[in-house]
1. If you go through region 35-58 one residue at a time, do you hit one that is open to solvent by 60 Å² or more (accessible area, probe 1.4 Å) and modelled with pLDDT under 90?
2. Which one is nearest to Glu211 (Cα to Cα), of the residues in region 132-152 that are open to solvent by 20 Å² or more (accessible area, probe 1.4 Å) and in contact with an Asp or Glu (Cβ under 8 Å, 6 or more places away or on another chain)?
3. Among the helices (runs of 4 or more DSSP H) lying completely within region 67-132, list those that include at least 3 residues that are small (Gly, Ala, Ser).
4. In this structure, does Asn122 turn out to be of a type in the set (S, T, N, Q), within 13 Å of the ligand (Cβ to nearest atom) and open to solvent by 30 Å² or more (accessible area, probe 1.4 Å)?
5. Residues that are among the β-branched types (Val, Ile, Thr) and under 21 Å from Arg102 (Cα atoms): find the strands (runs of 3 or more DSSP E) completely inside region 138-244 holding 3 or more of those.
6. What pairs can you find where one residue is in region 186-202 and closer than 20 Å to Val153 by Cβ and without any contact (Cβ under 8 Å) to a residue 24 or more places away in the chain, the other is assigned to a loop (DSSP other than H, G, I, E, B) and of a type outside the set (S, T, N, Q), and their Cβ atoms are less than 7 Å apart, with a gap of 6+ or different chains?
7. For Glu136, state whether it is under 28 Å from Gly201 (Cα atoms), more than 10 Å from the ligand (Cβ to nearest atom) and at pLDDT 95 or above.
8. Sort out which residues of region 85-112 are near the ligand (Cβ under 10 Å from one of its atoms), touching a strand residue (DSSP E or B) at 6+ places or on another chain (Cβ under 6 Å) and open to solvent by less than 10 Å² (accessible area, probe 1.4 Å), and write them in order of number.
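The values are calculated or read from the model by the stated rules, or taken from the named source; none is laboratory data. Remember, it's a predicted structure, so these values are computed and weren't measured experimentally. Don't worry about glycine lacking a Cβ; one is built from the backbone with ideal geometry, like all the others, and counts go over all protein chains shown. For accessibility, only protein heavy atoms count, side chains too; no ligands or nucleic acids. Shrake-Rupley method; radii C 1.70, N 1.55, O 1.52, S 1.80 Å.
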Amino acid sequence: MDLKETVREKYAKVAIRVVSADDKGSCCAGGCCGGTADPITSNLYDLAQTNDLPSKAIEASLGCGNPTALAQLSPGEVVLDLGSGGGIDVLLSAKRVGPTGRAYGLDMTDEMLALARENQRNAGVENVEFLKGDIENIPLPSNSIDVIISNCVINLSGDKDRVLAEAYRVLKPGGRFAVSDVVVDGEVPAEIRRNMELWVGCVAGALERQEYVEKLARAGFEAIRVEPTRVYDVENARAFLTGHRVDVDAVAPLVRDKFMSAFVRAQKPDVRR
Ligand SMILES: C[S@@+](CC[C@H](N)C(=O)[O-])C[C@H]1O[C@@H](n2cnc3c(N)ncnc32)[C@H](O)[C@@H]1O
C-alpha cells in the first residue's frame, strides 16, 4: 500500500473513533503517536481559546503546535489550513478573521471532512469551508490566500517540495506561511526513517531543520524562520517510539533532543512593494 493511502487509513480510523465516542469526551483521538500522554499532541491549546468550540473538534486535535496562536491573523483575511483534520484550527482562524474573512480547511480524508463539517455546523460558523483534496495539489486559485496555516501535516507528505510550491502558488504576494510541524535537528537513525508506522505518526517524515529552510527558499519564500516550540527529550522519545517495532532502549537515547515541534514561518515576496 502506498504512503498516502496508509496515512489516509490511519486518520480515517481516528475520525471514526471520535465520531463514535460518547459526548462526555470518553474518546481520546489517539494523537500522532497515540494516547492522552502523547508528548507531541497533548496540551496545545488554552482552555480560554477552545471553550466555545464543539467538544469533538477538541477531541480530534492531532496537531503538534498552535499555529493560530502564533500566526498574525487580521479581520477580513483569507486563511487556508493544510490538512485540517477535525477542523480545530479552521474554526479558531474563522473567529480571528471575522465575518468579512474566510477560513478554508483542506483534507484528503473523507471521514475527517465529515467530522470537520459536523463541527462547523455545531459551532454555527458560516465563514468556513472544508475542501477535499491533496496538499500537493491545492484546489484553489493562485494568489488567493493571505495566510497558510497547517498543524502537523507537511511532515506526512511524501512530496514536500510540491506542497511548498503549491503553498507559494496560492498565497497572495506578501502572503504568510505560518505552520506548526515536527522537524529534526541533525541525523536520525535509518531505523526510524524507514518505519511506516512512525511516518504516519508524524515522526519519520519530519524534515531536517536546515533542509526545511532550503526547501522554502527554493520554493521562492523569504523571511524564513524555524522556531522550536517543544524539544523532545529521551522520555518523550520513548513515548513516541513505543509500540512501533523499534528497539526503544537503543534508539531513544540516539534521538534525545533531536525531534522538536516548531513554528515555521515564511513570506511570499510582495511584488507590489
Ligand atoms: C496529524 S493530522 C492533523 C490534523 C489537524 N491539522 C490538527 O491539528 O488536528 C493530519 C491530517 O492531515 C491529513 N492529510 C495528511 N496528508 C495529507 C495530504 N497529502 N493531503 C491532504 N490531507 C492530508 C489527514 O487526513 C489528517 O486529517
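1. yes
2. If we take residues in region 132-152 being open to solvent by 20 Å² or more (accessible area, probe 1.4 Å) and in contact with an Asp or Glu (Cβ under 8 Å, 6 or more places away or on another chain), then Glu136 is nearest to Glu211 (Cα to Cα).
3. Values: elements: 67-70, 88-97, 110-123.
Fully inside region 67-132 and qualifying: 110-123.
4. Values: of a type in the set (S, T, N, Q): yes; within 13 Å of the ligand (Cβ to nearest atom): no; open to solvent by 30 Å² or more (accessible area, probe 1.4 Å): yes.
Judged against the criteria, Asn122 is not a match.
5. Values: elements: 145-151, 171-184, 222-231.
In region 138-244, 145-151 are the strands (runs of 3 or more DSSP E) which contain 3 or more residues that are among the β-branched types (Val, Ile, Thr) and under 21 Å from Arg102 (Cα atoms).
6. Note: pairs meeting the criteria are Arg193/Ala204.
7. Values: under 28 Å from Gly201 (Cα atoms): yes; more than 10 Å from the ligand (Cβ to nearest atom): no; at pLDDT 95 or above: yes.
Considered against the rule, which asks whether it is under 28 Å from Gly201 (Cα atoms), more than 10 Å from the ligand (Cβ to nearest atom) and at pLDDT 95 or above, Glu136 comes out as no.
8. Step one: filter region 85-112 for residues near the ligand (Cβ under 10 Å from one of its atoms), giving 85-90, 105-112.
Then keep just the ones that are touching a strand residue (DSSP E or B) at 6+ places or on another chain (Cβ under 6 Å); that gives 87, 89-90, 105-106, 108.
Gly87, Asp89, Val90, Gly105, Leu106 - these are the residues of region 85-112 that are near the ligand (Cβ under 10 Å from one of its atoms), touching a strand residue (DSSP E or B) at 6+ places or on another chain (Cβ under 6 Å) and open to solvent by less than 10 Å² (accessible area, probe 1.4 Å).
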